[in-house]
Amino acid sequence: MPASELDEVLTKLPLRIGVYIPDDLLEDWFAPGAGMNPVGAKALDAAAAYGRAFECEFKYYPDRKEGVFWKWVPAI
């Protein structure tokens, strides 16, 4: 489970600002004990669901080995 402080960060996250999580933490937080390398679908699906709980989008970037949470920006 993610650090409880992340709940607060995502709750208060301003639009267009990202929170970047390294892939080793994604594994530990969202699929503990899975021992995945690279990050597996279970961890990525759980991270995306977690983000939605805070009205955040989530995307994993394998080339950067990190996932990103951000608030969706409405069309201007």
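The values are calculated or read from the model by the stated rules, or taken from the named source; none is laboratory data. None of these values were measured; they are calculated from a predicted model. Heads up, the Cβs are rebuilt from the backbone with ideal geometry, glycines too, and the neighbour counts pull from every protein chain shown. Please note that ligands, DNA and RNA were not included when accessible areas were found on the heavy atoms of the full protein model with its side chains. Shrake-Rupley method; radii C 1.70, N 1.55, O 1.52, S 1.80 Å.
Details
- The dipole here belongs to the chain: it is taken about the Cα centre, uses +1 on the Cβ of Lys and Arg and -1 on the Cβ of Asp and Glu, and is about 300 debye.
- Angle between the chain longest axis and helix 41-53 axis [Cα atoms, degrees, rounded to 10]: 30
- Segment 1-75, accessible surface, carbon-and-sulfur percent (1.4 angstrom probe): 55
- FRET efficiency estimate (nearest 0.05) - Cβ-Cβ, R52 to D24, R0 22 angstrom: 0.45
- Over the C-alpha trace of the chain, radius of gyration and Dmax come out as 12.1, 43 angstrom.
- Listed by chain and number, the lysines whose C-alpha is less than 23 Å from the C-alpha of K12, apart from same-chain residues fewer than 8 away, are K59, K71.
- Think of a 1.4 Å ball rolled over the protein heavy atoms: the chain then has 66 Å² of accessible area per residue.
- Charge tally for P22 (other residues, Cβ to Cβ under 15 Å; Lys, Arg +1; Asp, Glu -1): -3.
- Figure legend: label point modelled 7 angstrom from the Cα of Y61 along Cα→Cβ; residues of segment 1-23 with amide N under 11 Å from it are 18-21.
- Two-site label geometry, A41 and L15: point separation in nm, points 7 Å out along Cα→Cβ: 3.4
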